[in-house]
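A.B. asks: Can you keep this structure in mind? I'll have questions shortly.
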Amino acid sequence: MPGLAELSYTTLGGVIGAVASGYLTRHHERRQLRAAVMERLHAVVEVTAGVRDVEPGWAPVSRTADGRRRLTGVLGVRATLGDGADAEHAQRKAFAGLTVAALAAGVPRRVTDFAAGACERTLESHVIALVDRRVGGVLGATADDLVRLADEYQRAAVALLLHVLWHPWRAKASTRARIRDLRTDVEALHRFQQAAREVLAQADNAERLSVHLGERRRITKDATSDGGDSAAPRGGTGDQ
């Protein structure tokens with residue numbers, strides 16, 4: 001039979017092994033949860049940066065999460081990605097995945113909301129800049145300044161989320177102050193956006209956008225029709 005000392009060492013080894021195993025398991029789970037947040041966050045930012053155009057047609061939802069009416073809803077257009085998908089719909093889907101992953105990883109909801117809201121603001125700013133180009137650049141340098149400010153706000157909000165995600169204990173001391181700074185930044189950005197939206201929503205600019213999109217749609221349709229008509233004779237010639 002094992003002696004008392006041997007039994008003590010065996011018991012101690014079992015305890016240490018169980019604790020180490022539990023720690024490694026929790027560490028692996030935390031890494032997986034953080035990786036999921038990073039993946040979802042990347043998807044959100046990718047949508048925000050992927051807006052390529054605006055086209056006629058109402059977006060599925062014309063208001064933001066905080067109740068603001070989107071510019072697309074005001075003008076009756078859709079913001080689209082490179083593959084033609086609706087950007088706002090894609091962003092809402094990406095937000096849902098980010099929220100679930102962040103909560104599972106222990107990120108406070110308000111930190112996640114600021115990051116999501118910043119991406120939403122940035123998407124709106126890019127849409128404003130796109131619409132402004134379509135109506136002839138009536139905002140001037142304001143459009144570029146707006147996009148720059150929105151991008152900076154997005155980087156700050158995302159940086160806070162990542163800091164809380166990877167260094168939760170260290171972040172406790174600074175999170176409240178950083179959120180105060182974000183609130184100040186978003187108030188200024190909101191005023192800037194609102195002024196730009198009001199200009200673009202004016203009747204003459206809305207009409208100019210409608211005419212431009214209508215002309216472009218007609219040109220695209222004519223080009224498609226010409227391509228179909230020219231293809232038929234070539235097929236006929238080959239059959240003869």
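The values are calculated or read from the model by the stated rules, or taken from the named source; none is laboratory data. Keep in mind that what you see is a predicted model, and the values were worked out from it rather than measured. Every residue, glycine among them, receives a Cβ derived from its backbone with ideal geometry; neighbour counts consider all protein chains shown.
A.B. asks: Need pairs with beta-carbon distance below 6 Å; first residue of a type in the set (S, T, N, Q) and within region 36-48, second buried (at least 17 other Cβ atoms within 10 Å of the Cβ) and in a helix (DSSP H, G or I); sequence gap 6+ or separate chains.
C.D. replies: Final answer for the pair search is THR48/CYS119; THR48/THR122; THR48/LEU123.
A.B. asks: Here are VAL127, VAL111: which of them is more than 19 Å from ALA36 (Cα to Cα) and in a helix (DSSP H, G or I)?
C.D. replies: Working: VAL111 fails: more than 19 Å from ALA36 (Cα to Cα).
Of the residues listed, the single one that is more than 19 Å from ALA36 (Cα to Cα) and in a helix (DSSP H, G or I) is VAL127.
Listed here are the residues, each with its yes/no results for (1) aliphatic (A, V, I, L, M); (2) surrounded by fewer than 21 Cβ atoms within 10 Å (Cβ to Cβ); (3) at pLDDT 80 or above; (4) more than 26 Å from ASP132 (Cβ to Cβ).
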| residue | (1), (2), (3), (4) |
| --- | --- |
| LEU4 | yes, yes, no, yes |
| TYR23 | no, yes, no, yes |
| LEU41 | yes, no, yes, yes |
| GLY50 | no, yes, yes, no |
| ALA90 | yes, no, yes, no |
| ARG110 | no, yes, yes, yes |
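A.B. asks: Filter region 63-105 down to residues that are assigned to a loop (DSSP other than H, G, I, E, B), touching a Ser or Thr at 6+ places or on another chain (Cβ under 9 Å) and among the small types (Gly, Ala, Ser), then give me how many there are. Spell out the reasoning first.
C.D. replies: Here is the first cut: in region 63-105, the ones assigned to a loop (DSSP other than H, G, I, E, B) are 64-68, 70, 76, 82-85, 105.
Restricting the remaining residues to those that are touching a Ser or Thr at 6+ places or on another chain (Cβ under 9 Å) gives 70, 76.
Keeping just the survivors that are among the small types (Gly, Ala, Ser) gives 76.
Result for region 63-105: 1.
A.B. asks: Based on this model, can you work out whether GLN194 counts as more than 31 Å from the chain's Cα centre (by Cα) and either at pLDDT 90 or above or not small (Gly, Ala, Ser) (or both)?
C.D. replies: Answer is no for this residue.
A.B. asks: For the subset of region 64-88 comprising residues that are more than 22 Å from SER210 (Cβ to Cβ) and small (Gly, Ala, Ser), which member is surrounded by the fewest Cβ atoms within 10 Å (Cβ to Cβ)?
C.D. replies: Here the residue is GLY67.
A.B. asks: If we scan region 167-176, do we find a residue that is among the hydrophobic types (A, V, I, L, M, F, W, C), buried (at least 18 other Cβ atoms within 10 Å of the Cβ) and within 22 Å of GLU88 (Cα to Cα)?
C.D. replies: No, there is no match, as no residue in region 167-176 is among the hydrophobic types (A, V, I, L, M, F, W, C), buried (at least 18 other Cβ atoms within 10 Å of the Cβ) and within 22 Å of GLU88 (Cα to Cα).
A.B. asks: Restricting to region 153-194, what's the tally of residues that are without any contact (Cβ under 8 Å) to a residue 24 or more places away in the chain, assigned to a helix (DSSP H, G or I) and farther than 17 Å from ALA116 by Cβ?
C.D. replies: Going through region 153-194 one residue at a time, the tally reaches 10.
A.B. asks: Which residues, counting only those in region 130-144, are without any contact (Cβ under 8 Å) to a residue 12 or more places away in the chain and not in a loop (DSSP other than H, G, I, E, B)?
C.D. replies: If the condition is that a residue be without any contact (Cβ under 8 Å) to a residue 12 or more places away in the chain and not in a loop (DSSP other than H, G, I, E, B), then ARG133, ALA141 are the ones that fit.
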